[in-house]
Every structure is written in C-alpha cells, then in structure tokens.
Amino acid sequence: MEINELTRQIIGAAIEVHREMGPGLLESSYQICMRQELKLRGIAFEHEKDLPLFYKGVYLDCGYRLDLLVAGQVIVEIKSIKAFDAVHTAQMLTYLRLTGCKVGLLINFNVPVLIDGVKRVVNGFNE
C-alpha cells in the first residue's frame with residue numbers, strides 16, 4: 001500500500017477511536033482501541049515492538065518499544081497529553097532513524113478534535 005494512503009487509513013482509524021472513546025483516557029486504553037480498530041480494518045501491525053540499538057557490532061536491548069509499527073512502514077506513537085513537546089518529535093525522529101522507516105505519526109488523543117492531535121514526522125521534517 002502506498003505510504004500516504006496508509007497514513008490516511010491510520011488517521012481514519014484514530015479518528016474513529018477518538019469518536020467512540022473521546023479524550024481523557026490513558027495512553028494504554030487508546031493503544032488497545034487502536035489495535036482493535038486496525039484489526040477491524042484489516043491493516044497489518046505489530047505492537048510494543050522491541051527496538052534494540054546496534055552498537056559496535058552488538059545489538060543492545062535498551063528498552064525502546066514502538067507503540068505500533070503499521071504494515072512495516074509507519075511508526076505510530078500514541079499519546080494522551082496536554083500538548084506535544086519537542087521531546088516527542090525528537091523521540092519519533094530517533095525511532096525513524098533506528099528503524100529506517102520514513103514516516104511516523106504522533107497521535108495525541110487528549111484533544112477535542114483529533115486532527116488537532118496528529119503530527120506527521122517524515123525523514124526528519126515535521127508536517
């Protein structure tokens with residue numbers, strides 16, 4: 001699937017979750033709901049995917065975990081916070097670099113209108 005279409009479908013799934021659940025829940029609740037919505041839509045994903053570091057020829061488990069890796073192409077980090085901070089973008093940029101993925105979505109469910117809580121990060125550039 002083309003990456004822009006895939007991100008559109010992921011955002012659509014997030015909008016549906018937000019429409020059903022509203023803001024104010026814990027991140028873990030939104031993660032579970034997103035997994036269910038992606039399953040219902042037939043979109044392949046991995047959740048809580050380990051992300052080891054490769055350092056001087058050795059893989060090191062540093063405890064990094066991706067919330068969702070959708071179709072092996074898009075990293076999705078789910079938040080339930082007041083607002084995004086620079087550290088959230090930095091985290092996504094690091095995940096993109098470590099995985100080789102080109103696109104990441106930061107999704108903050110703690111907003112009145114979900115589209116205001118979506119931040120797309122692409123190859124080091126924010127949209």
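The values are calculated or read from the model by the stated rules, or taken from the named source; none is laboratory data. Fair warning: this is a prediction, and the values are worked out from it, not measured in the lab. Don't worry about glycine lacking a Cβ; one is built from the backbone with ideal geometry, like all the others, and counts go over all protein chains shown.
P52 is checked against (1) surrounded by 15 or more Cβ atoms within 10 Å (Cβ to Cβ); (2) of a type outside the set (A, V, I, L, M, F, W, C); (3) within 22 Å of L93 (Cβ to Cβ) and fails just one. What number does that condition carry?
Every listed condition holds for P52 apart from (1).
Determine which member of the set L105, L69 is under 20 Å from E2 (Cα atoms), hydrophobic (A, V, I, L, M, F, W, C), surrounded by 15 or more Cβ atoms within 10 Å (Cβ to Cβ) and in contact with an Asp or Glu (Cβ under 6 Å, 6 or more places away or on another chain).
Of L105, L69, the one residue that is under 20 Å from E2 (Cα atoms), hydrophobic (A, V, I, L, M, F, W, C), surrounded by 15 or more Cβ atoms within 10 Å (Cβ to Cβ) and in contact with an Asp or Glu (Cβ under 6 Å, 6 or more places away or on another chain) is L69.
Look through the stretch 5-25, keep the residues that are farther than 20 Å from G42 by Cα and among the aliphatic types (A, V, I, L, M), and return whichever of them is surrounded by the most Cβ atoms within 10 Å (Cβ to Cβ).
Out of the qualifying residues, it is L25.
Output the number of the condition that A83 fails; it satisfies all remaining conditions of (1) surrounded by fewer than 17 Cβ atoms within 10 Å (Cβ to Cβ); (2) over 22 Å from P23 (Cβ atoms).
For A83, the exception is condition (2).
Could you look through the stretch 8-46, keep only residues that are among the aliphatic types (A, V, I, L, M) and part of a loop (DSSP other than H, G, I, E, B), and pick out the one that is farthest from V76 (Cα to Cα)?
Only one residue tops the list, namely L25.
Please go through the stretch 75-116 and pick out each residue that is within 12 Å of the chain's Cα centre (by Cα), assigned to a helix (DSSP H, G or I) and of a type outside the set (A, V, I, L, M, F, W, C).
Within the stretch 75-116, H88, T89, Q91, Y95 qualify.
Among the residues of the stretch 47-74, how many are over 11 Å from the mean Cα position of the chain (by Cα), more than 13 Å from L98 (Cα to Cα) and in a strand (DSSP E or B)?
1
Taking the options G12, G22, name whichever one is at pLDDT 95 or above, closer than 17 Å to G104 by Cα and either out of contact with any Asp or Glu (no Cβ under 6 Å at 6 or more places or on another chain) or not hydrophobic (A, V, I, L, M, F, W, C) (or both).
None of the other options fit; the residue is G12.
For residues that are touching a residue at least 40 places away in the same chain (Cβ under 8 Å), closer than 15 Å to L68 by Cβ and of a type outside the set (D, E), tally how many sit in the stretch 4-28.
Result for the stretch 4-28: 6.
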